[in-house]
Amino acid sequence: MPEEIDARHQVEPRRFYELDSLRGVAALTVVLHHFSRLCPPGFIHLLIRTPLRLLIAGHQAVILFFLLSGFVLTLPYKKKTGFNYSPFLVKRVCRIYLPYLGALTFAILCDLSFPGHGPYDNFWINYTWSEPVTTHLVIQHILFLGSYDWRQFNTAFWSLVYEMRISLVFPFIAVAVLRLRTIWLIVCAVALSLAFFPAALLLSNVLHLGSLDAAINTTRTLHYAAFFIIGSVLEKHLHAINRWYAGLKPAQAAALALISLALYGFSDASSVIQHFSLPEDLFDWPVAAGAVMLNSRPSRVFLTSRTIHYLGKRSYSVYLIHGTVIFTLIHTLMGRVRLGVLFPIYLAITLILSEIFYRLVEHPSMLLGRRLTTTRSALSQNAPLPIASGPPA
């Protein structure tokens, strides 16, 4: 997490600057992760056995996004004793949901224009643009209704369902975090994470409210809410954490950074899962621990670079658009050009369209959220725009 600045009036701008950049790095790993799904399995197996696995740590980026959400969304509640729920909800809808609708429209249009020619040998490709576009499926995507195939239009949309669900109750989470003892908050977060699978079994096998997979997709909200809580707790104790890090010797800080990167890149848990019959979601906790522990000077220097910050400001647009770009290329160019050629085309189109989307959709949506919840006098003071809490992969 970002370092503490001595002057109080300087803390907020620096903190927001680095969080934006960190979000950009996470979004880029999601972009690389999804392209890696097109690469030969042998190459990927070799890659994940090296530190370069961090470059395609897509699911890990999801957990980081949720931690950042909890961290950033807690900031306003440290300045006041209560909360006004309606403005918060309006801002979240404008910040997350309205750009999502724009990206959904883009994905549907591309799906209709470039229908799949499968089935493909790559099972991941067959999850998206493999079924006809129906009114029922579109409505489900718009309203987040029921258990539906969230991969059909854009493989990255799934996390936004959890983001919006948790956003509905986050003000209550933030107030609880600021009022309760940290030990109880950690216990609560772990309990929520552990409860999601038994809750799914209850809904499916006892109450007969649908299939087990559908129930898991619903109760997994509890699991991801745990990381919002942890992120909120980090913000609560940010200054104490920074003081502790500042007291570490260089060797200690370096060792901690290596451990945190190893935990964050944790992914090869299949043998453990099979041996103990554990839900694979529980292995998100080592990833979260690694993300929480990473606080090194080189990372802060990297995160304050203008290029990374530029990407961070557009990270949500990158996240929303890249999935549609890659499947458009799959159905138009894959097989006609080599992957080594397809990759720079994919990156270039993603960045260009993300910039256009940011200017035409995301940024205006942020401004709309401000206008609907802020007085004219406050707007005239040129207050900073809200930060996206960050979508997962």
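The values are calculated or read from the model by the stated rules, or taken from the named source; none is laboratory data. What you see is a predicted model, and the numbers here were worked out from it, not measured in a lab. Because the Cβ atoms are built from the backbone with ideal geometry, glycine has one as well, and the counts that use them run over all protein chains shown. The protein model used for the area step is the full one, side chains on, heavy atoms only, and it has no ligands, DNA or RNA in it. Shrake-Rupley method; radii C 1.70, N 1.55, O 1.52, S 1.80 Å.
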**Per-residue HN-Hα couplings for the range 95-104 [Karplus 6.51, -1.76, 1.60; θ = phi - 60°; Hz; x = Gly/Pro]** = 7, 10, 6, 5, x, 4, 4, x, 5, 5
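State in Å² the accessible area per residue of the range 182-222; use a 1.4 Å probe, count heavy atoms of protein chains only, and round to the nearest integer. If you can, show how the numbers build up before the last one.
Values: 2310 Å² over 41 residues.
I get 56 Å² per residue for this part.
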**Extension gain, Leu143 back to His363 (0.36 nm per residue minus Cα-Cα distance, nm)** = 76.9 nm
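Just to check, using Stokes-Einstein with a Kirkwood Rh over alpha carbon pairs, what's the diffusion coefficient of the range 23-157 at 37 °C and 0.692 mPa s in µm²/s?
Details: Rh = 17.7 Å.
The estimated diffusion coefficient comes to 186 µm²/s.
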**Asked** Label Leu248 and Val190 with points 7 Å out from Cα along Cα→Cβ: what is the distance between them in nm?
**Response** 2.2
**Request:** Enter the accessible area of His322 (Å², nearest 10), with the probe set to 1.4 Å and all protein chains included.
**Result:** 0
**Asked** Taking Cα centroids, how far is the range 32-89 from the range 148-182 in Å?
**Response** 13
**Item:** From phi via Karplus (6.51, -1.76, 1.60), per-residue ³J(HN,Hα) for the range 215-221 in Hz, x at Gly/Pro
**Value:** 5, 5, 4, 7, 6, 4, 4
**Asked** Reachable lysines from Lys313, Cα under 23 Å, same-chain residues fewer than 8 places away excluded?
**Response** Lys91
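May I ask you to derive the FRET efficiency for Ile345 and Tyr310 from their Cβ-Cβ distance with R0 = 30 Å, giving the value to the nearest 0.05? Numbers along the way, then the final one.
Details: r = 21 Å, r/R0 = 0.70.
E between Ile345 and Tyr310, to the nearest 0.05, is 0.90.
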**Asked** So which lysines can Lys249 reach, going by Cα to Cα under 30 Å and dropping same-chain residues fewer than 8 places off?
**Response** Lys236
**Item:** Accessible area per residue, Å², the range 17-60 with all protein chains present, probe 1.4 Å
**Value:** 43
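When N is the residue count of the range 146-210, what does its C-alpha Rg come to as a fraction of 2.2 N^0.38 Å? Working shown, then result.
On the way: Rg = 15.4 Å, N = 65, 2.2 N^0.38 = 10.7 Å.
Relative to the rule-of-thumb radius for its length, the range 146-210 sits at 1.43.
How much length is gained on full extension from Asn122 to Glu355, taking 0.36 nm per residue of separation minus their Cα-Cα distance?
Numbers: separation 233, 0.36 × 233 = 83.88 nm, distance 3.00 nm.
Gain on stretching Asn122 to Glu355: 80.9 nm.
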